[in-house]
Amino acid sequence: MNVIFTTILVLSAIVMLITSPADFLPATLDGGMNAAKTCLTLFCIYVVWMGLSAVAEDARITQKCAKFLSKPCGKLFKTKNPTAIENLTMNISCNLLGIGGAATPYGVKAIEALEKDGNEFAQNLLFIINATSIQLIPTTVIALRASAGSIAPHDIAVPSLIATAVSTVLGAALYVLIKNFKPKAAARRRKCST
């Protein structure tokens with residue numbers, strides 16, 4: 001990815017220097033300033049949500065949520081590991097609120113716990129759910145749209161919910177079908193060969 005982005009940057013700079021050399025430096029400075037503003041906005045969003053996550057953890061709210069969601073999560077991810085289930089529930093909760101940056105540490109902890117159990121199915125399913133992540137409230141996108149001066153930054157909520165719900169359900173369903181289909185197909189091949 002670094003090679004691709006570097007190539008795009010260098011080619012863009014060359015084209016701009018040839019077509020409009022007077023605008024090259026102002027455009028570069030404006031781009032840097034916009035990048036810094038975006039980073040600061042994201043930093044503030046993540047500070048708030050990570051702080052709330054830490055408070056929830058200290059108040060044992062995360063453990064209560066994990067207990068409530070342990071059965072559905074345990075069945076979905078085929079695990080009984082309490083550490084994995086707690087981190088899975090927090091990861092999914094953060095993604096539902098549209099704060100993927102806050103979800104990442106929980107996802108890493110869940111993967112580590114699932115690796116110890118050798119639960120490859122759950123690791124792959126978690127990856128799919130994180131890549132598609134249903135977002136009830138896309139807070140990061142709304143905050144970025146608001147900071148960019150959008151008149152209605154929340155208008156993204158319904159389309160985002162529909163798109164992420166469809167992609168998550170479809171991705172997870174396809175993965176579960178493929179995982180369940182492979183052993184049956186292999187068993188049929190063995191029966192046919194004997």
What helices in the chain pass both tests, a Cα length along the helix axis of 27 Å or more and a mean Kyte hydropathy of 0.0 or higher, using whole DSSP H runs?
21-58, 157-193
Under a Cβ-only charge scheme (Lys and Arg +1, Asp and Glu -1), can you give me the dipole magnitude of the range 43-193 about the Cα centre, in debye to the nearest 20?
1100 debye
Along each of the three principal axes of the Cα atoms of the range 43-193, give the extent in whole Å, ordering the values from largest to smallest.
66, 34, 23
Any idea what the relative contact order of the chain is, in percent, if you count C-alpha pairs under 8 Å spaced at least 6 apart?
16 percent
Sorted peptide list for 111-120, 171-180, criterion being average Cβ within 10 angstrom, highest first
111-120, 171-180
Protection-proxy order for peptides 139-147, 42-50, 89-97, 1-9, each taking the mean of Cβ atoms within 10 Å per residue, highest first
89-97, 139-147, 42-50, 1-9
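Throughout, read-outs are computed from the coordinates displayed, never taken from laboratory work. Just so you know, these numbers come straight off a predicted model, no measurement behind them. Virtual Cβ from ideal backbone geometry, glycine too; neighbours counted across all protein chains shown.
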